[in-house]
Amino acid sequence: EPHECHRPATDSSLPAARGYTGRQHSYLNRLRRIEGQVRGVQKMVADDRWCPDVVNQLAAVTRATEEVAAALLEDHVRHCVLEAARDSSEAGQARMDEVAATIRQVIRL
């Protein structure tokens, strides 16, 4: 099935499929698990648990969200960037520039 590799127009009436569409269910399951982890951390704070234990759990949440972000970006590169590069070197470069900007934003350079 075709996937949309461009940012959708704000007035678009049809939802756009993304490069991760085939794995959307997996991503949603992972995000629900992360949501459960966050609720667990909230409970730890409410139960006045030992600070290092809370911080370790927060670090696990951070790692889990970073793994989802990395996988989404990989899907974008494998689908949208490669597709654009096949269309033209200019389109491929534009997509690579988007990926680089996203990485720079995430790591705050």
Calculate the translational D of the range 24-109 in whole µm² s⁻¹ from Stokes-Einstein, where the hydrodynamic radius comes from the Kirkwood formula applied to all Cα pairs, the temperature is 37 °C and the viscosity 0.692 mPa s. 217 µm²/s
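With the Cα gyration tensor of the range 37-80 giving a ≥ b ≥ c as the square roots of its eigenvalues, does the rule (a/c under 1.5 for rounded; else a/b larger than b/c for prolate; else oblate) give rounded, prolate or oblate?
Working: a/c = 8.10, a/b = 3.59, b/c = 2.26.
The shape class here is prolate.
Laboratory data are not the source of any read-out in this text; all were calculated from the coordinates shown. Note that this is a predicted model, so its numbers are computed, not measured.
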